[in-house]
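Right, one structure below, let's go through it.
The values are calculated or read from the model by the stated rules, or taken from the named source; none is laboratory data. Computed from a prediction, not measured in an experiment: that's the story for all the values here. Every residue, glycine among them, receives a Cβ derived from its backbone with ideal geometry; neighbour counts consider all protein chains shown.
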Amino acid sequence: MEFDNETATPREDQCMNDEEKKHPLQKLMDNPWLLLTLGILIPFLSYTIWGWIELLMIKPLP
């Protein structure tokens, strides 16, 4: 990474390249709202599907 001599900060074009080089999983982990949404939806959907399967497997009373 190259630095500006005057400010000792990374050059702007280098920062953009670093953003483009991020791994897709790193991009996912950097988004807290997406993680919150997934953390609510995945358990909700899996337990709902599990519940429907359990209800379908119950035998009716004779």
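Quick look at the numbers
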read-out: Unique residue being modelled with pLDDT under 85 and in contact with a Cys (Cβ under 9 Å, 6 or more places away or on another chain) when the list is 1, 16; value: 1
read-out: Matching residues in the stretch 20-36 - criterion: being surrounded by 11 or more Cβ atoms within 10 Å (Cβ to Cβ) and aliphatic (A, V, I, L, M); value: 28, 29, 34, 35
read-out: First in the stretch 38-54 and under 21 Å from residue 28 (Cα atoms), second anywhere and loosely packed, with under 10 Cβ neighbours inside 10 Å and not small (Gly, Ala, Ser), Cβ under 9 Å, 6 or more apart; value: none
